[in-house]
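For reference, the structure discussed in these notes is given below.
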Amino acid sequence: MSSNWSRGQDIVLAIAPIPSGLLSFCASGTIMFMIWRSPNTFDKPFKCIIFGMSIYDLFQSFSATASSFVLPAGSRWGAIGTQGTCTAQATFTQMGSIGSPLYSLLLAIYYLCIIKFSMTEQKFRQKIERIFHALINAFVLFSTIFLAVTGHFNKSVTNCWIAPYPSECIHDPDIECIRGEKAFIYRWIFAGFPLLASFGGNVIIMAILIWKFYTVTRTLNQLKSWRRPNEEETETKGMFRRLSSQFSSFRSSARSSMSLQTDGREENDILHRSAQSLSLRSSFGGRTSMRNQANQFSMQRELVTQALLYSASFVVIYLCSFIFRIIDQKTGSPPFFLALIVRILNPLQGFLNILIYTRIPVSRLRRSSENSWIESFWIIVKSGVDYNQRDMGRRRSSVVRRTTSSTVDVNIAAHWGRRPSCLNTHEPTRSSMVDKTRQNYEQHQRTLDPDSSLKKVKEVTFQNQNDFTEDQEIVNSDIEGCNEELLS
C-alpha cells in the first residue's frame, strides 16, 4: 500500500473496480454471445476484430473484479491470496491490458481502410487482418509466458502486474530485489510501447476520421439545403411525366411490332421486351438521385461516428491508466484520486464497447416503437446483431426499400439477426410486375389492331400499377403486424 494512503482510501480502492469489472465482464460476454449466435459468425473482419477484443476485455474485467483480494495475504486490506494467485491475476491483467488495446488499433485501421481508402473487406482480410491476428496473439502469449517464467509478476500498487519485489527495491538502494529486478524495463517493452503504439495510432486515425466526418456532414447539409420544399409534389408530377413518356415509347414499339411481317415467335419476343422495358422503367422507389446521394452520405457519417466512438472510448480509458503507470514508476506513490479513476475506468472498455456495438439497431428500433432503451436493447441482444459496418444501408431487402421509412425502422431485427416469417408472405418484386404485364400482353397479342392497341396498352399498364399498389398496401399491413412479433 502506498505510504500516502490511509486505510479508508485503501478500502475504497479495493472495492471500486468490482462493480465496473462485473459490468464489463457481462458486456464482453454478451458481445461474444451475440456474434457467436449470428448467421455466418466470422464471415466479416469487423465481427472477428470485435470478438477478439471482447475476449481480452473479458480477461481484464475478470482480473479487475478479483481486485486486491488475490494479493499475498497481509500486503493490502482484504488480501487473502498467495504468490500463485497474484501471478494468475497478473497473467489475466497482462493479456487483457495489451490484447485489447492492440485489437482497438486493428479496429481503427479497419475503419480507416474502409472509409478513407475504400478497401474491400476481402482485400482487408487477406492483406491486413490475418497478419494482425497472428502478430497480436503471438505477442500477447509470448510476453505473458516470458514474464511469468522470469518472475516479473508481483504485487504492484493496486493489483498484481509487472513489478519488482519488494516494490521499494527500485527506489531504495539499501533494499535488494528478490524478484523482478528488470520489471520496469520489461514494463516498457511488453506494455508501454504497445500501449503507446495503440494510443498514437488511435489518435492519428481519429484526427483523419474527424476531418472525414466534417467533410461528409458539410456535403450532407448542402444536399439537404438544395432540396425543394415541395419535393413530394414534384416527384408525383415527375412520375406522371415518366408514365406519359413510357406510353409514347411503348406505342412506338407496339406499332413497329404490328408492322413487321414476321412469324409469331419474333412478334412475341418483341412484345416481351417491350413489356419488360415498360415494367422495369415504371415508378419504383420514386426517389431522386439527390436524395440517394444524401442517404449515402448519411450512412457514411454513421460509419465514421461508430469509428470515432470506438477510438474515443479507448483513448479516454487508457490515457488515465498510462499517466498513472508513469507516475508509479517515477515516484512509487501516485495520487489517490488518479488511482481511484483508473480503478473505476480501466475495466469499463467492454461495457462501452457493447453500448457502441448496439447503438445503431437500438436507436432505430426505438424510433419505430414506443419501447424504452432497455427494452430495445434487450430485443437486440436476444435477436443477435448481425451487420456489417460498411454496408449498413445496402442490406435491406427489396420490400424494405419500396416501403415507407417506418418500415425500414420496424424491420431492423430482420436484417440484424433474424427475419420474421411474416415478411416472407408477400414481397412484390419487379419480376412479378413483369410477369403480370407479360401475361396480359400474351393474352391480347393476337387480337391487337391499330384501333384498339393504344387503348389496351394504357388499360393494361394502369391495371398493373393498381395491382402493385394493392400489393404494397398488403406489405405495409404485414409489416405493421410484424411490430407485435418483433416486440413480443
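Accessible area per residue for segment 1-101 in Å², computed with a 1.4 Å probe and the full protein assembly in place, what is it?
Per residue, segment 1-101 has an accessible area of 38 Å².
If each of Cys320 and Thr82 carries a label point 7 Å out from its Cα toward its Cβ, how far apart are those two points in nm?
For the pair Cys320/Thr82, the computed spacing is 3.5 nm.
What's the whole-number percent of alpha carbon pairs in segment 51-173 lying beyond 16 angstrom?
Roughly 65 percent, rounded to a whole number.
Kindly write out, for segment 82-97 in residue order, the coupling ³J(HN,Hα) from the Karplus curve 6.51 cos²θ - 1.76 cosθ + 1.60 (θ = phi - 60°), rounded to whole Hz, with x marking Gly and Pro.
The phi angles translate into 10, 5, x, 5, 5, 5, 5, 5, 5, 5, 5, 5, 5, 5, x, 6 Hz.
State the extension gain, in nm to one decimal, for the chain segment bounded by Trp373 and Ile189, taking 0.36 nm per residue of separation less the distance between their alpha-carbons.
Using 0.36 nm per residue and subtracting the Cα-Cα distance, I get 61.9 nm.
Mind jotting down the distance between the C-alpha centroids of segment 48-102 and segment 112-147, whole Å?
24 Å
Pop a pseudo-label 7 angstrom from the Cα along the beta-carbon direction at both Ile18 and Ala73 and give the gap in nm to one decimal.
2.0 nm
Note the full-extension length gain between Ser225 and Asn292 as 0.36 nm times their separation in residues minus their Cα-Cα distance, in nm to one decimal.
22.7 nm
May I ask you to derive the FRET efficiency for Ile128 and Lys382 from their Cβ-Cβ distance with R0 = 35 Å, giving the value to the nearest 0.05?
0.60
Given the Cα-Cα distance of Phe336 and Leu355 and 0.36 nm per residue of separation, how much length would full extension add, in nm?
3.9 nm
Which GluC sites (Glu not before Pro) in segment 124-180 sit in a loop by DSSP (not H, G, I, E or B) and have at most 15 other Cβ atoms within 10 Å of their own Cβ?
Passing both the DSSP loop test and the Cβ count: Glu176.
If ligands, DNA and RNA are left out, what is the accessible area of Glu375 with a 1.4 Å probe, given in Å² to the nearest 10?
Estimated to the nearest 10 Å², Glu375 gives 90 Å².
State, as an integer percentage, the relative contact order of segment 3-68 based on alpha-carbon contacts under 8 Å between residues 6 or more apart.
Worked out over segment 3-68, it gives 52 percent.
Please report the carbon-and-sulfur percent of the accessible area for segment 78-207; probe 1.4 Å, protein heavy atoms only, DNA, RNA and ligands left out.
Heavy-atom surface of segment 78-207 belonging to carbon and sulfur, 1.4 Å probe: 69 percent.
The values are calculated or read from the model by the stated rules, or taken from the named source; none is laboratory data. On a predicted model such as this, the values are computed, not experimentally measured, just so you know. We place every Cβ from the backbone using ideal geometry, glycine too, and count neighbours over all the protein chains shown. Areas reflect the complete protein model, heavy atoms only, side chains present, ligands, DNA and RNA absent. Shrake-Rupley method; radii C 1.70, N 1.55, O 1.52, S 1.80 Å.
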